[in-house]
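Encoded as structure tokens, the structure appears first; notes follow it.
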Amino acid sequence: MKKIFIILTLSLFALSYSQKKKEIFLFTSFREPATEGLYLAYSEDGYNWKGLEGSFLKPEIGASKIMRDPSITKGADGTYHMVWTTDWKGGNGFGYASSKDLIHWSKQEYIPVMKHEPEVVNVWAPEIFYDDVKKEYIVIWASTIPFRFEKGVEDEKNNHRMYYVTTKDFKTFSDTKLYYDPGFSVIDCVIVKKSKKDYVLVLKDNTRPMRNIEVAFGKSPLGPFEKRSKPLTEYLSEGPTVVKVGKNWLLYYDNYGSKNYKALSTSDFVKFEDVSSKIKLPEGHKHGTITTISEEVLKGLIERK
């Protein structure tokens, strides 16, 4: 009897410890006109999101001093790394800052990843992915360089391709390289690791007739990505982000044509179910990414002054 009691006690302790260490989902966002900076929302189930009051980091860099498309990921040491769009037009880089608690931030830095391209039009929606194989971060973004690629349906100043750099510490970066060229204007790409040598690239076909979200498949986070799908979303949708909840993946996106947010659920990125009726997001929520935080970090965010 004593042995059973000890086992039950240990089991309850393990359950209690597990609950204490439970990770909370955190969704980054911004508000138009993007001068107020970083907004955050949290969720325990990945579907229902509660907004945290006020901005958590106001932009101080870039010619426009705005913060759009904040992308955040948690490093192996628990540090949160964030990048964002600093200028709607003009500029040759993106913003960067880091934090341990999402309240106290490092000095904001401007990373001029396209300084070698004097004709570059923009640097849009940088997205961070941590490659756990090479132990490095990959940052991808969309830029237009007029007359660089074969003329498509887009104007030369709107003919985007995806570029990337890698870094281990956000101090030293690799040379900028072309990341993804599907033969048309593409923006808002997100890398998803399904399993070893099984990656998905979520992308926006940014050509005027399309402007919707698709997926492509590769064996490495650097591609090449092939077998592009048919459009998964309706006309005028963008800003996808993906999070795994249970056995399925949720693909959130900004359905800006209808001024709402939607989500798709999938187990394989081949078949998708619209679960938009099951999600709830704060009013005004815009293009961001999802990471996880501890209950302790969440408590600090809620109680901050």
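The values are calculated or read from the model by the stated rules, or taken from the named source; none is laboratory data. These numbers were taken from a predicted model, which means no experiment stands behind them. Positions of Cβ are generated from backbone atoms using ideal geometry, with glycine treated the same way; all protein chains shown enter the neighbour counts. Please note that ligands, DNA and RNA were not included when accessible areas were found on the heavy atoms of the full protein model with its side chains. Shrake-Rupley method; radii C 1.70, N 1.55, O 1.52, S 1.80 Å.
Could you grab the Rg to Rh ratio for the range 244-296? Cα atoms only, Kirkwood for Rh. Please report the intermediate quantities before stating the final value.
On the way: Rg = 12.3 Å, Rh = 12.4 Å.
Rg divided by Rh gives 0.99.
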Dimensions (Å) - the range 68-129, Cα atoms, principal axes, largest first: 38, 20, 18
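Given 0.36 nm per residue, what is the gain on full extension from residue 154 to residue 274 after removing their alpha carbon distance, in nm? If you can, show how the numbers build up before the last one.
On the way: separation 120, 0.36 × 120 = 43.20 nm, distance 2.99 nm.
The span from residue 154 to residue 274 would gain 40.2 nm if fully extended.
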Relative contact order for the range 136-182: what is it in percent, counting Cα pairs under 8 Å that are at least 6 residues apart? 38
Heavy-atom accessible area per residue - the chain, 1.4 Å, Å²: 50
Rank by packing, highest mean first: peptides 28-38, 268-278, with packing defined as the count of other Cβ atoms within 10 Å averaged across residues. 28-38, 268-278
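Carbon and sulfur: what percent of the range 24-303's accessible surface (1.4 Å probe)?
Values: 6290 of 12650 Å².
In the range 24-303, the share of accessible area belonging to carbon and sulfur is 50 percent.
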With the alpha-carbon atoms as the only input, what is the per residue convex hull volume for the chain in Å³? 152
Considering all projection directions equally, how large on average is the shadow of the alpha-carbon convex hull of the range 139-251, in square nanometres? 8.1
Spin-label point model (7 Å from Cα, Cβ direction): what's the residue 44 to residue 22 distance in nm? 0.5
As a quick test, which of the pairs 197/259; 65/168; 74/194; 22/193; 168/204 have an alpha carbon distance above 30 angstrom in this structure? 197/259
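State, as an integer percentage, the relative contact order of the range 24-303 based on alpha-carbon contacts under 8 Å between residues 6 or more apart.
Relative contact order here is 16 percent.
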List the aspartates and glutamates whose Cα lies under 18 Å from the Cα of residue 171, skipping any in the same chain that are fewer than 8 positions away. 77, 109, 127, 131, 136
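Would you mind getting the Kirkwood hydrodynamic radius of the range 198-302 from its Cα pairs, rounded to one decimal in Å? Let's see the in-between values first.
Values: mean 1/r = 0.0670 Å⁻¹.
Result for the range 198-302, one decimal place: 14.9 Å.
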